[in-house]
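Everything on this sheet refers to the single structure shown next.
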Amino acid sequence: MPQLSLTGLSEIWLLKELGHRHWMGLARLAGRTVPDFRAADGTPVYAAFRALSVEQADFASLGENDRLTIRSEVRRISRTQCASRHELTCQERPVGTVQLVSAFVRRAPGGGNHTVARVPLEEFPAPDVSPAGWAGTGGESLAARAAAFRTRGATPDAGFGWGRKTDATAATFDPCPSQDFNGAGFLYFSSFIAFIDRAEWQAGGRTALLATTHRREVYFHGNIDPGEGVVVRRLTADWRACEGVHHCRLERAGDGIPLADAFTHRVFRPLDRAP
């Protein structure tokens, strides 16, 4: 039951599970039994997620007693980045594909989550720049799309392109250390998604009571320390009879520094049961 939500398979549970699989896959890729990575001076090194994509998701079709199968693959794609791809099926029926891109990072000595910097680790196989079958509909990899957004502001392909500009509706959240941060002290990537969904709900999502994700692409830019707030600002949105899209930007509440940009395509289930 923890794997489910009112709208079918829980996306937040799924992302936590795939984050764990990604982390353990990095250990196997490096020939380790546990993912205990360290810089030359002994400082802990972690895999911070830089991008996330969910494609062709059919989470609403999953319910009690269904068997979800996850097939995962992890590869190194640059000196500092690795990527994983997770194929989701139920009785051989595809129900979604998730990709994650992470970068190895460390904090500056005595610093917090504002001082994170990338670190190259040499104990991995040579990078596989463009794994077969991992490109999106436009032919670019998730890592390349994330880099294009950060450098040129290039948005994802036309699948998210019919949103209209809004009045930048914003919602502010106060992340809880025991719920939203991971053991490494970072605001965990699945919490970003939870805040986006909560902001959607607050901004009028009650008209789509059983909205579920069909597609989502998120580019992560930074993190916060415990005690800092997060603002979710809706920049574009368009809601239709059976679906909706929106572009949200997450910012650090104190100074407006961008933390992530998220492009989401939601579909609405029929109201065939009460909440």
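No value in this document is a laboratory result; all are computed from the given coordinates. All of these numbers come straight from a predicted model, not from anything done at the bench. All Cβ positions, even for glycine, are placed from backbone atoms using ideal geometry, and neighbour counts span all protein chains on display.
Per-structure values
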{"item": "The chain - mean residue ellipticity at 222 nm from DSSP helices (-39,500 (n - 2.57) per run, n ≥ 4, rounded to 500)", "result": "-5500 deg cm²/dmol"}
{"item": "Cβ-Cβ FRET estimate between Q3 and T172, R0 fixed at 22 Å, reported to 0.05", "result": "0.15"}
{"item": "For the range 170-252, alpha-carbon Rg over 2.2 N^0.38 Å", "result": "1.13"}
{"item": "Summed side-chain charge close to I70 - residues other than I70 whose Cβ falls under 12 Å, Lys, Arg +1, Asp, Glu -1", "result": "+1"}
{"item": "Charge sum, other residues only, whose C-beta stays under 14 Å from D58's C-beta, Lys/Arg counted +1 and Asp/Glu -1", "result": "-1"}
{"item": "Three semi-axes of the equivalent ellipsoid, the range 11-55, Cα gyration tensor, whole Å, largest first", "result": "23, 12, 9"}
{"item": "Label-point gap, in nm, between Q91 and R79 - each point 7 angstrom along Cα→Cβ", "result": "5.1 nm"}
{"item": "For the chain, built as a Gaussian network whose Cα springs stay under 10 Å, the top-fluctuating residue of R79, R216, R67", "result": "R67"}
{"item": "Residues whose placed amide H lies under 5 Å from that of V95, excluding near-sequence neighbours", "result": "L88, T89, C90"}
{"item": "Burial ordering of V95, V101, fewest other beta-carbon atoms within 10 Å first", "result": "V95, V101"}
{"item": "Translational D in µm²/s for the range 26-95 (Stokes-Einstein at 37 °C, 0.692 mPa s, Kirkwood Rh from C-alpha pairs)", "result": "221 µm²/s"}
{"item": "For a label point 7 Å along the Cα-to-beta-carbon line of E64, residues of the range 210-249 with backbone N under 20 Å", "result": "210"}
{"item": "Other-chain or far-sequence residues with amide H under 5 Å of F181's (modelled H)", "result": "Y188"}
{"item": "Neighbourhood net charge (13 Å Cβ-Cβ; Lys/Arg +1, Asp/Glu -1) for L121", "result": "+3"}
{"item": "Quarter of the Cα convex hull surface for the range 73-121, i.e. its orientation-mean projected area (nm²)", "result": "4.7 nm²"}
{"item": "Where the Cα pairs of the range 4-268 fall when distances are cut into 10 Å bins, in %", "result": "6, 30, 37, 22, 4, 0"}
